[in-house]
Every structure is written in structure tokens, then in C-alpha cells.
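The values are calculated or read from the model by the stated rules, or taken from the named source; none is laboratory data. These numbers were taken from a predicted model, which means no experiment stands behind them. Ideal geometry is used to build each Cβ from the backbone, glycine not excepted, and the neighbour counts take in all protein chains shown. With ligands, DNA and RNA removed, areas are computed over all heavy atoms of the protein, side chains included. Shrake-Rupley method; radii C 1.70, N 1.55, O 1.52, S 1.80 Å.
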Amino acid sequence: MRLKTYQYIDPGICYETTHWDIECMICGETWEIESYRMTSHNWVCEDLGHIPGETLHRYRNTCTQCGYSIITDEFCSLLH
């Protein structure tokens, strides 16, 4: 069985841990192996809408792996 978990490291990187439970098909002996690596966040962007009275649009970006989330305001040519 393989299980992956993720931990926030910084705004650009997650720490991925992969855990395997392995069983020998011949003798039945079992053992565990873990591997570690740094990986980029897997971003999903949520549109939070225009900021009233500003030329800005707000977004929430969330990593689907570690859960890290950041809100950004970006220029929008429309004044609302």
C-alpha cells in the first residue's frame, strides 16, 4: 500500500512523504519504506470577485496537497 502526505515548507514548495507497506509474496515478510522529496504546490484558484470601489480583483489560491492558501489582489481594468 502507498500513502502520500504533504507538508507546507514555503510559498513555493511542499514536502512530500511517500510511505509504502510491502509484503513478500513468497515468504510473507513485511517491511516499511518511506521516501521524501520537495515538490511544487498544486494550485487551485478561487475567484473572490471585484473589490468595491477599486480597480482590483481578489483571488484565493490554495494548494490541494498541503492546504496552504494565499489571497492576492490583482489589477482589473474595471472600476466597481
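Close amide-amide hydrogen proximity is noted between residue 48 and 58, 59, 60, each under 5 Å apart and 5 or more residues distant or on a separate chain (H modeled in the peptide plane; Pro and chain starts excluded).
With all protein chains in place and a 1.4 Å probe, the accessible surface of the chain carries 55 percent carbon and sulfur. Counting 0.36 nm for each residue step from residue 59 to residue 27 and taking away their Cα separation leaves a gain of 6.1 nm. Of the residues 53, 11, 38, the one whose Cα sits farthest toward the positive end of the charge dipole of the chain, with +1 on the Cβ of Lys and Arg and -1 on the Cβ of Asp and Glu, is 53.
Here residue 2 and residue 69 are evaluated by their C-beta separation; at R0 = 35 Å the FRET efficiency comes out at 0.85.
Per residue, the solvent-accessible area of the chain (1.4 Å probe, heavy atoms of protein chains only, all protein chains present) comes to 74 Å². Loop-located GluC sites (Glu not before Pro) in the chain (DSSP state not H, G, I, E or B) with no more than 15 neighbouring Cβ atoms inside 10 Å: 29, 54.
What you get for the chain, charging only the Cβ of Lys and Arg (+1) and of Asp and Glu (-1), is a dipole of about 180 debye around the Cα centre. Pairwise alpha-carbon distances in the chain exceed 21 Å for 52% of all pairs.
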